Amino acid sequence: MNAVTTPTILVHGVWMHGVVMELQRHYLAAQGFDARCYSYSSVAPTLTENAQQLAAYATALAAPQINWVGHSLGGLVILRMLELVPALPPGRIVLLGTPFRGSYAARAMSSHQLGAMALGHSLAEWFARDTPPEFPGREIGVLAGNHQFGLGMFVAPALPAPNDGVVTVEETGLPGALDSIVLPVSHSGMLISEDVANQTAAFLRDGCFNHAAAAA
């Protein structure tokens, strides 16, 4: 797979718009990637509805291979899409701070009616699941942060460490992931971090993160 010429679709998280992924897109484009930002409504639709819309977008690309980069909820939308339509084109996936195993902060926030309304239907659908899905044959990389700064620290002061201020490192764990890495970035800081972009690019190119660079 030529990861550079393959379309790489960046999918944002909750309460956001595709424009928040623009800096990550810029960093990837500077390394030669055909990176594109995708935007969707993150609160009102269900996760399945968002995944179906993303699948339609992917199909319309008519590309033989597609790479995906999802930040937070965006990663869950990507995973739900692959679960619904496993025959979509092959490609590598990088999840940035995606709460695959659930979210302590989201549970704390959703314990109040206004908080649950703010989180929306997509996250609620994922967290209501009993059995997490599997993605055989998909090359997935998981990037987590351990810089503890973010909204989660306020809505859930007892948020277990290590965390990125919103999602714990443990919550990002995905069985069957090809590789994983933890960087000193916060949840929102991932959106502007060039180190995150470099590690994303490494996984998309090589199927593994650049652990030597992270340790330097």
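The figures follow:
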{"read-out": "Qualifying position, being part of a strand (DSSP E or B), small (Gly, Ala, Ser) and either under 17 Å from VAL167 (Cα atoms) or modelled with pLDDT of 95 or more (or both), among ALA60, ALA144", "value": "ALA144"}
{"read-out": "Residue in segment 188-216 that is nearest to THR5 (Cα to Cα), counting only those that are modelled with pLDDT of 95 or more and outside any helix (DSSP H, G or I)", "value": "GLY207"}
{"read-out": "Some residue of segment 186-200 being in contact with a Phe, Trp or Tyr (Cβ under 7 Å, 6 or more places away or on another chain) and of a type in the set (S, T, N, Q)", "value": "yes"}
{"read-out": "Of all residues in segment 23-43 being free of Cβ contacts under 8 Å to residues at least 24 places away in the same chain and over 15 Å from the mean Cα position of the chain (by Cα), the one that is nearest to ILE78 (Cα to Cα)", "value": "SER41"}
{"read-out": "Subset tally (residues that are of a type in the set (A, V, I, L, M), touching a residue at least 12 places away in the same chain (Cβ under 8 Å) and either surrounded by fewer than 24 Cβ atoms within 10 Å (Cβ to Cβ) or in contact with a His (Cβ under 9 Å, 6 or more places away or on another chain) (or both)) for segment 83-104", "value": "5"}
{"read-out": "Some residue of segment 9-18 being farther than 26 Å from PHE149 by Cβ, in contact with a Pro (Cβ under 6 Å, 6 or more places away or on another chain), in contact (Cβ under 8 Å) with a residue 60 or more places away in the chain and crowded, with 17+ Cβ neighbours inside 10 Å", "value": "no"}
{"read-out": "Subset of segment 174-216 that is among the small types (Gly, Ala, Ser) and farther than 15 Å from VAL94 by Cβ - its residue that is nearest to the chain's Cα centre (by Cα)", "value": "SER188"}
{"read-out": "Segment 22-46, residues that are in contact with a helix residue (DSSP H, G or I) (Cβ under 6 Å, 6 or more places away or on another chain), of a type outside the set (A, V, I, L, M) and closer than 20 Å to ASP195 by Cβ", "value": "GLN24, TYR27, GLN31, CYS37"}
{"read-out": "Segment 19-57, subset in contact with a His (Cβ under 9 Å, 6 or more places away or on another chain) and part of a strand (DSSP E or B), residue surrounded by the fewest Cβ atoms within 10 Å (Cβ to Cβ)", "value": "CYS37"}
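The values are calculated or read from the model by the stated rules, or taken from the named source; none is laboratory data. Remember, predicted model here, so these are calculated numbers, not experimental data. Using ideal geometry, Cβ is built from the backbone for each residue, glycine included, and neighbour counts are taken over all protein chains shown.
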